[in-house]
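**Q** Attaching a single structure in structure tokens format; questions to follow.
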Amino acid sequence: MITADVIKSLQSSDAVFVSGSTEAIAHKVLPPEQADSESLVFVSKADQLEKALKAQATIIVAHKSLSVPTDTKTTFFTTPNVQLAMSAILPLFDGKMNRFNQETKIHPTACIHPTAHLGQNVSVGPFAVVGEQVRIGDGATIGAHVVIECYAHVGAHTILHPQVFIGAYCELGASCEIHPHTTIGADGFSFAMAKDGTHKKIPQIGKVILGDHVELGANCAVDRAALTETRIGSGTKMDNFCHVAHNVIIGENNVMAAGFKIAGSSTIGSNCMIGGDAAVSDHVNICDKVIIAGRSGVTNDVLQPGAYGGYPLEPLRDSLKTLANLSQLTRIRKEVARVVKHLGLKEE
Amino acid sequence: MITADVIKSLQSSDAVFVSGSTEAIAHKVLPPEQADSESLVFVSKADQLEKALKAQATIIVAHKSLSVPTDTKTTFFTTPNVQLAMSAILPLFDGKMNRFNQETKIHPTACIHPTAHLGQNVSVGPFAVVGEQVRIGDGATIGAHVVIECYAHVGAHTILHPQVFIGAYCELGASCEIHPHTTIGADGFSFAMAKDGTHKKIPQIGKVILGDHVELGANCAVDRAALTETRIGSGTKMDNFCHVAHNVIIGENNVMAAGFKIAGSSTIGSNCMIGGDAAVSDHVNICDKVIIAGRSGVTNDVLQPGAYGGYPLEPLRDSLKTLANLSQLTRIRKEVARVVKHLGLKEE
Amino acid sequence: MITADVIKSLQSSDAVFVSGSTEAIAHKVLPPEQADSESLVFVSKADQLEKALKAQATIIVAHKSLSVPTDTKTTFFTTPNVQLAMSAILPLFDGKMNRFNQETKIHPTACIHPTAHLGQNVSVGPFAVVGEQVRIGDGATIGAHVVIECYAHVGAHTILHPQVFIGAYCELGASCEIHPHTTIGADGFSFAMAKDGTHKKIPQIGKVILGDHVELGANCAVDRAALTETRIGSGTKMDNFCHVAHNVIIGENNVMAAGFKIAGSSTIGSNCMIGGDAAVSDHVNICDKVIIAGRSGVTNDVLQPGAYGGYPLEPLRDSLKTLANLSQLTRIRKEVARVVKHLGLKEE
């Protein structure tokens, strides 16, 4: 239950008060096509605005290009960027923090090693395990059943959702968010083949380091380095089921969709966007500002910013043509056979 | 240890008693090639029947098209559908429920919020966490280390295997089964890009709703909607490692094999079958009764029932030809070069 | 903190003492390019040796082909195989076992059924659940939040990292290592379709059997068999996110990279290497000593040892040509159109 006044008091340049009562109350947020009179609605287009008005939505946050009517009871905000407006306003409706506090800040069932150091205002859920010499920054939220092994660090205001695993010595920055069943700091995959064909494990004694504002989806895995560090830079976001192998170095502000995989010792710069199920081979380097389409396979260095796609990787425009021509392949084969026959060429 | 009499008393049209002693006892169920005299055996084909008879299996459940011998000690049932017979009889041999009851119905170590409501005959395993205002239906089974966040609902007779995560406000229907390490209700993946290239999180304040008889394999992830609901309809079954992004709507009685992924806001009708590692892009709609081959990539709407495959998606028959012709691609390239040379055409 | 003397006392043929003080102390292990005077460094090539010497590394383990200088304070070992040397020496620097012992061998919060049998020197972490009649071999390490269901066996010296799931009746051999969030023994995916289009579950009453020295990465899933056994043979290693369906039989000393998937009832021999994201269809048989490239799709039996790749699968050499020619597909289509036009052939 949020009043327009609270939104106005955010003083966000992404949600500017325009008209209507600041005492308007929104009980929920709904998409335009499901709007009702108790809802706040974000609208990007004229038809969405029409739907929201028809439903008598109590508060509308409209893209600034839309003409806001003056003859309604609705309270209006405008924004230069609807997504940024959502990013600014939706936290008011988000009960996420309530999920973590069953009864108390530090749940009595949590198993916290006496040498662990917890900052101010840290929340620890039921059955969480916090190991020897672990350090947790101020305001961090540790979900139920999280395991943080010895000597790991968790930065201030970071959220670890239930059942996350943080391996020994790994370091997470501030304001990260890690979703359930994600594994940070399992062993890298590394074996030496002996003469008898068996594989001898090479212990993985390095760690994982995440910068600040890193988000990892559910059921991801980031392996610890063989000797040194696997790194994911500040502001990088990964969706569910992403796999980051040992010794990988990833820069800042990248976005990786679900199922992204990167093999050992590869590097990615900053400000890249990588589509779902794309994979990067080992020891490959990708520079800054690269866009890679979903399902692509990157087996060689990408040294120029730009958009790419396909397996093998091509400039995006070429990869889309290749993809389209794939559906022509049967016809092409027949045409070639016809030509060869027409010319009376012998089969080779 | 099950007697033929118990099977007979199921009065299932998928397992009809034919001949032999109803006191025959089966200690286990084995495939025909491993049958022994203590085993119940399902047989679809004549050679399987022969093997089971040779092994003197105590009970044989045979497809009705097979001729059942009368000169044996074996007890016989027949069935119009061996798989449905397995579905009817195997629960008698399945000790699944024993797995959940270490000592008591509600394990003393479980952490159940005083405001949670548990129905009749609910089982809760060690260290399970059941949050504020959670509602659990009659006869539900909550495994060890399951986390159910506040305000979530779990329907009657639903089984949550150990270590499952159910996020706040999510709703599961009756008779669902969710396997270990599956995450229901993690945040959808959604960020607004700010001018400085950083990505601002858009809070995900919606939920996940599963119908009745939904089964999700191990290590799956179904994300909560941005504002409203991510839905999986009754009777839909997914194998391990399936990913369902925010705002996806999936209908009833679908079957998805391992590694299926579907991106945000896409929809799937009912009675579809989708193969392993197939992926559906965002905002794509697939109608009822569609079959999609493994590894396919669906990037456009599929509006006609039928079988499809490939990436890009084609009717299945065409996609199989495309696939077969891929192995011809090197030969085709050479043929084309030969023709161009033969004709004295200039290279372009 | 390890002295050269301790390494020498390993008496490993993969790390032979050559020269320098046996009292040299290494505080850490670093790659050549990050070496410092407190580090042990493994070097394979002349330029790495140079870097390590320049950094005055305290101990260098060099490939035997390199000329080891005699005019330095550095202590030298040589090896015929640097990876095997790492496998032999790095355990001395690996604090893995410390991760598991918060305070005591058997953590007081662990929930161990009175009928479970634990061998000598077993370690059990906080909140681990060990079910009825479970048997755990000598020296095994059970991490925090592990769930081992009733009647399962865990072999001697096996390590289960935190949050692993071992289903009822499953059997793990000796010296296995299973990483966090891996699921062993969830149900196979099996349904019988009823006439009304609903899918009836076929109970999965078999189990999973792992041999000795099996390693599974984080977030893997190995399903229990329908009636009998899903098997992974001794010495086989799988990276993160691998999926093994019910009734699969995998032999010994195989290596599977991340995201490998194998569908029901397929078999793999021994000493195979399979790349990342490769998939094997159901009921396919792969013989010994097969190498399969990453992303391959195996839909037919592979009956000859050798290297293969692609989808459809081809001999590796052919698959690389096919892959390369994919980028030529647009050009090929245009050439064919030009030829057809040049010859005045009618379109078909």
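**Q** Any idea how far the Cα center of the stretch B:263-338 sits from the one of the stretch B:164-186, in Å?
**A** 30
**Q** Can you sort C:HIS63, B:HIS213 from fewest to most other Cβ atoms within 10 Å of each residue's own Cβ?
**A** Going from least to most buried by this count: C:HIS63, B:HIS213.
**Q** To make sure I understand the rule: partners must be lysines, Cα under 26 Å from the Cα of C:LYS334, and not fewer than 8 residues away in the same chain. Which ones qualify?
**A** The qualifying lysines are A:LYS321, A:LYS334, A:LYS341, A:LYS346, B:LYS321, B:LYS334, B:LYS341, B:LYS346, C:LYS321, C:LYS346.
**Q** Let me have the relative contact order for the stretch B:157-247, percent, based on Cα pairs under 8 Å that are six or more residues apart.
**A** 28
**Q** With labels modelled as points extended 7 Å from the Cα through the Cβ direction, what inter-label distance (nm, one decimal) is found for C:SER21 paired with C:LYS195?
**A** Result: 8.9 nm between the two label points.
**Q** What's the average, rounded to a whole number, of partner chain beta-carbon atoms within 10 Å of each residue's beta-carbon in C:155-165?
**A** 4
**Q** Where does each of A:VAL82, A:VAL130 land when they are ranked from fewest to most other beta-carbon atoms within 10 angstrom?
**A** Ascending number of Cβ neighbours within 10 Å: A:VAL82, A:VAL130.
**Q** Evaluate the Kirkwood expression for the hydrodynamic radius of the stretch C:209-332, namely the inverse of the mean inverse distance over all pairs of different C-alpha atoms, and round to one decimal in Å.
**A** Taking every pair of different Cα atoms in the stretch C:209-332, averaging 1/r and inverting gives 14.5 Å.
**Q** Here's something else I'd like to know. What are the semi-axes of the equivalent ellipsoid for the stretch B:3-61, taken as the square roots of 5 times the Cα gyration tensor eigenvalues, largest first, in whole Å?
**A** 18, 13, 9
**Q** Sequence neighbours fewer than 8 away in the same chain don't count; with that in mind, list the aspartates and glutamates whose C-alpha is under 17 Å from C:LYS200.
**A** Reachable aspartates and glutamates: B:ASP14, B:ASP94, B:GLU177, B:ASP212, B:GLU215, B:ASP239, B:GLU252, C:ASP187.
**Q** Give me a single rounded figure for B:255-261: the average over its residues of other chain Cβ atoms within 10 Å of their Cβ.
**A** Shielding by partners across B:255-261 averages 6.
**Q** Oh, and also: With a cut-off of 8 Å between alpha carbons and a minimum separation of six or more residues, what is the relative contact order of the stretch C:214-348 in percent?
**A** Reported as a whole number, the value is 13 percent.
**Q** Positive end of the charge dipole of chain A (Lys, Arg +1 and Asp, Glu -1 on Cβ, about the Cα centre): tell me which of A:ALA24, A:HIS179, A:HIS153 has its Cα farthest that way.
**A** Toward the positive end, the furthest listed residue is A:HIS179.
**Q** Lysine pairs in the stretch A:54-139 8 or more apart or on different chains: how many have alpha carbons under 20 angstrom apart?
**A** Qualifying lysine pairs in the stretch A:54-139: 4.
**Q** Set the Förster radius R0 to 35 Å, insert the Cβ-Cβ distance between A:ALA337 and C:HIS283 as r into 1/(1 + (r/R0)^6), and round the FRET efficiency to 0.05.
**A** 0.55
**Q** Tell me, what ³J(HN,Hα) does each residue in the stretch A:292-309 have, in order and in whole Hz, if you take phi through Karplus 6.51 cos²θ - 1.76 cosθ + 1.60 with θ = phi - 60° and put x for Gly and Pro?
**A** For the stretch A:292-309, the Karplus curve yields 10, 5, x, 6, 5, x, 9, 10, 10, 4, 10, 9, 10, x, x, 9, 9, x Hz.
**Q** In addition: Considering amide H positions built from the backbone, and no H for Pro or chain starts, which residues 5 or more places from B:SER19, or on another chain, come under 5 Å of its amide H?
**A** B:PHE76
**Q** OK, next. List every residue whose amide H lies under 5 Å from the amide H of A:ASP212, counting only residues 5 or more places away in sequence or on a different chain, with H placed 1.01 Å from N in the peptide plane.
**A** Here A:ALA174, A:SER234, A:GLY235 satisfy the definition.
**Q** To the nearest 20 debye, what charge dipole does the protein assembly as shown have about its Cα centre, counting +1 at the Cβ of each Lys and Arg and -1 at the Cβ of each Asp and Glu?
**A** 2620
**Q** Which whole-number percent of Cα pairs in the protein assembly as shown have a distance greater than 43 Å?
**A** Looking at the protein assembly as shown, the distances longer than 43 Å represent 40 percent of pairs.
**Q** Roughly how many whole Å is it from the C-alpha centroid of the stretch B:29-83 to that of the stretch C:20-62?
**A** So the separation of the two Cα centres works out to 68 Å.
**Q** Follow-up question, since we're still on this one. Ignore the peptide's own chain and count Cβ atoms of other chains within 10 Å of each Cβ in A:47-57; give me the average, rounded.
**A** 0
**Q** For chain A, modelled as a Gaussian network with Cα springs under 10 Å, which listed residue fluctuates most, A:LYS45, A:LYS261, A:LYS207?
**A** Among A:LYS45, A:LYS261, A:LYS207, the largest GNM mean-square fluctuation belongs to A:LYS45.
**Q** Then there is this: Please report, in whole Å³, the volume per residue of the convex hull around the C-alpha atoms of chain A.
**A** 204
**Q** Quick one: with label points 7 Å out along Cα→Cβ, list the inter-copy distances for C:HIS117 in nm, shortest first?
**A** In nanometres, ordered from closest: 4.8, 4.8.
**Q** Quickly rank C:299-305, A:143-149, A:249-255 as a protection proxy: mean count of other C-beta atoms within 10 Å, highest first.
**A** Final packing ranking: A:143-149, A:249-255, C:299-305.
**Q** Using modelled amide H (1.01 Å from N, peptide plane; none on Pro or chain starts), what sits under 5 Å from the amide H of C:VAL290, excluding residues fewer than 5 places away?
**A** Result for C:VAL290 returns C:CYS272, C:MET273, C:GLY306.
**Q** In which sequence would A:GLU33, A:GLU314 go, from the one with the fewest C-beta neighbours within 10 Å to the one with the most?
**A** Listing A:GLU33, A:GLU314 from fewest to most nearby Cβ atoms yields A:GLU33, A:GLU314.
**Q** Dipole of the stretch A:26-139 (Lys/Arg Cβ +1, Asp/Glu Cβ -1, origin at the Cα centre): which of A:GLN83, A:CYS111, A:VAL41 lies farthest to the positive side?
**A** A:GLN83
**Q** Nearest 20 debye, what's the magnitude of the dipole of the stretch A:2-94 about its Cα centre given +1 on Lys and Arg Cβ and -1 on Asp and Glu Cβ?
**A** 140
**Q** Which semi-axis lengths, in whole Å and largest first, follow from the square roots of five times the eigenvalues of the Cα gyration tensor of the stretch A:1-103?
**A** Computed over the stretch A:1-103, the values are 22, 14, 13 Å.
**Q** Treating the point 7 Å from Cα along Cα-beta-carbon as the label, what are the nm separations from B:LYS334 to the other copies, to one decimal?
**A** Result for B:LYS334, in nm, nearest copy first: 2.5, 2.5.
**Q** Less than 15 Å Cβ to Cβ from C:SER12, Lys/Arg counted +1 and Asp/Glu -1: what total charge do the surrounding residues give?
**A** With Lys, Arg at +1 and Asp, Glu at -1, the net is +3.
**Q** Follow-up question, since we're still on this one. What percent does the relative contact order of chain B come to when contacts are Cα pairs within less than 8 Å and at least six residues apart?
**A** 6
**Q** Moving on. Only helical DSSP H runs with n ≥ 4 go in: add -39500 (n - 2.57) per run for chain B, normalise by residue count and round the 222 nm mean residue ellipticity to 500 deg cm²/dmol.
**A** Mean residue ellipticity at 222 nm (helix-derived): -4000 deg cm²/dmol.
**Q** Of B:ARG295, B:ARG333, B:ARG317, which has the largest mean-square fluctuation in a 10 Å C-alpha GNM of chain B?
**A** Its mean-square fluctuation being the largest, the pick is B:ARG333.
Read-outs: derived from the displayed coordinates by stated rules, not from any lab. Given the structure is predicted, the values throughout are model-derived calculations rather than measurements. Cβ atoms come from the backbone with ideal geometry, glycine included; neighbour counts cover every protein chain shown.
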